[in-house]
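Trainee: Quick one: the structure is below, questions incoming.
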Amino acid sequence: MDPLLTAATAQNRLWAVDKVILAYFAFTSLLLVFWWREIPDSGIRLLLYLGAIGLLLFEVKYPNPTSWIFRNWYPLPYVACCYKEMAVLIPSIRRGNADQWLAGLDYRFWGAYPTVWLERFHNPALTEYLQIVYTLFVPAVLLVAFLLWKKGLYGEFQYYAFLIALGFLASYIGYLLVPARGPRFLLSHLQHIPLQGTWFFQNMQGTLDRLESAHYDCFPSGHTELTILAWWSSRMVSKRLFWAYLAYTPSIIFATVYLRYHYTVDLLAGTILALVLILGTPFVYRKLRERA
């Protein structure tokens, strides 16, 4: 068979990442149906879901000049929109939150609340540095994808897109199962001093708060999980980048607690989830590709 014809035929079949994203949209659509009255604007949301699914299927079944770019990069806006949806779905579906339980686990293990205990190391320059590290989370995850794309490593790029999309969507399900807003809110009355930076700390934190809305996105720590996945995958780009990410990863994990965004049990859950994905995703990816 003509290799070009075979490649063209493969392009109008579902890729592994398509199947994961479609499965997630099916899951959230069921949530809309079961909690139709509780979720605001359920009808509009369902239409938007169907429109997103329809656009993806159109690009898959009817290849056109936009298909190559769309199919490789669409997970980025799709997964971002799924994250924004969590701010609406979780308060509508779940009553109460797990903050007290998570904080209690931290206290029983450490004998103190880590975010409160870390006040003794408060320093404006350190706070500024860690907020910059924390703010660079999404660019750090995307940088690996852009470099793989720039090098023309499209097979590695598509695997990385699958891994990162799966990582984000898995963390969203965790947020739904264990909704929590973080020690910044629950333990604020126990903190003796507010965090202070040197130059742009307040602006960076305020911008993130506006972008994230009132999210329940602590457990597992997506910052921990996705940064570990980006670090592990960066070796596909170069050894130099791998070592740079190895230095960045502990900084952002520490920043999540120092800046009072996460409980330490969130970090443990994020690390375990990252390890499960690193070990299990190659098998899942192969199986989903074989069925394409």
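Trainee: Towards the positive end of the charge dipole of segment 3-290, with charges on Cβ (+1 Lys, Arg; -1 Asp, Glu), say which of Tyr134, Val20, Leu246 has the farthest Cα.
Mentor: Farthest towards the positive pole: Val20.
Trainee: Consider just the alpha-carbon atoms of the chain and return their Rg together with their Dmax, both in angstrom.
Mentor: Just the Cα atoms of the chain yield Rg and Dmax of 20.4, 72 Å.
Trainee: Grab the other residues whose beta carbon is less than 15 angstrom from that of Leu105, score K and R as +1, D and E as -1, and report the net. Mind dumping the intermediate values first?
Mentor: Numbers: positive: Arg108; negative: Asp99, Asp106, Asp266.
Result for the local shell: -2.
Trainee: Rank by packing, highest mean first: peptides 163-171, 240-248, with packing defined as the count of other Cβ atoms within 10 Å averaged across residues.
Mentor: Descending mean neighbour count gives 163-171, 240-248.
Trainee: In nanometres, what is the gap between the two model label sites at Lys61 and Ile44, each 7 Å from Cα along Cα-to-Cβ?
Mentor: 2.8
Trainee: If you take the C-alpha gyration tensor of segment 251-292, multiply each eigenvalue by 5 and take the square root, what semi-axes do you get, largest first, in whole Å?
Mentor: Working: eigenvalues 203, 15, 11 Å².
Gyration-tensor ellipsoid for segment 251-292: 32, 9, 7 Å.
Trainee: From the residues Leu279, Gln202, Phe219, which one has its Cα farthest along the dipole of segment 193-292 in the positive direction, the dipole being from +1 and -1 charges on Cβ of Lys/Arg and Asp/Glu about the Cα centre?
Mentor: Leu279
Trainee: Among His192, His223, His122, which one shows the biggest mean-square fluctuation in a GNM of the chain, springs joining Cα atoms closer than 10 Å?
Mentor: Largest GNM mean-square fluctuation: His192.
Trainee: Is it possible to state the helix-based mean residue ellipticity at 222 nm for the chain, with each DSSP H run of 4+ residues giving -39500 (n - 2.57), the sum divided by total residues, to the nearest 500 deg cm²/dmol? What is it?
Mentor: Here the helix-only value at 222 nm equals -24000 deg cm²/dmol.
Trainee: What residue among Leu187, Leu147, Leu55 has the largest mean-square fluctuation in a Gaussian network model of the chain, using Cα springs under 10 Å?
Mentor: The residue with the greatest mean-square fluctuation here is Leu55.
Trainee: Can you count the Lys pairs in segment 3-290 with C-alpha separation below 24 Å, eight or more apart or on different chains?
Mentor: Details: Lys19/Lys61; Lys19/Lys84; Lys19/Lys287; Lys61/Lys287; Lys150/Lys239; Lys151/Lys239.
Lysine pairs meeting both conditions in segment 3-290 amount to 6.
Trainee: Once the Cβ-Cβ distance between Glu119 and Trp35 is put in as r, and R0 is 35 Å, what FRET efficiency do you end up with, to the nearest 0.05?
Mentor: The formula returns an efficiency of 0.30 here.
Trainee: Here is a follow-up. Specify the residue with the greatest mean-square fluctuation among Asp266, Asp99, Asp41, computed from a Gaussian network of the chain linking alpha-carbon atoms under 10 Å apart.
Mentor: Of the options given, Asp41 has the highest mean-square fluctuation.
Just so you know, all these numbers are worked out from the coordinates, no wet-lab data involved. Treat the numbers as computed from the prediction; the structure is a model and nothing was measured. Cβ atoms come from the backbone with ideal geometry, glycine included; neighbour counts cover every protein chain shown.
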